[in-house]
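Colleague: Okay, here's the structure, questions in a sec.
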Amino acid sequence: MEFALELVIKAAKLGVKVTEIPVTLWPDKRGRQPHLRTFHDGWRSLRFMLLYAPNWLFLLPGVSLLGVGLGLVFWLFPGPGVVRQIAPYLAVR
């Protein structure tokens, strides 16, 4: 299954023209159950497609999370940071 996905993905990345050719499928006359497992094969195909995903799919979220993390590190570097003082609200009246 991954071989067919690899051909389609690489052809799309290279801009190759893809043409569909109709074929006739005949039922399997051996009398056995289908060997495809829906969830397992779908998950394997999704992982394979993400392997060939464009860089922005992983690079953009990764760089933005790195920026947020570094911002928090440098904000907390001098000592504890105060986001909002809640002590006046906790006073019992």
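Read the figures in this text as sums done on the coordinates, not as results from a lab. Bear in mind that the values here come from a model prediction, so they are computed numbers and not experimental data.
Colleague: For the chain, count the residues as N, evaluate 2.2 N^0.38 Å, and divide the Cα radius of gyration by that value, please.
Modeller: On the way: Rg = 26.7 Å, N = 93, 2.2 N^0.38 = 12.3 Å.
Normalised Rg, Cα atoms only: 2.17.
Colleague: Here is a follow-up. How far, in degrees from 0 to 90, does helix 2-14 lean away from the longest principal axis of the Cα atoms of the chain, to the nearest 10?
Modeller: 70 degrees
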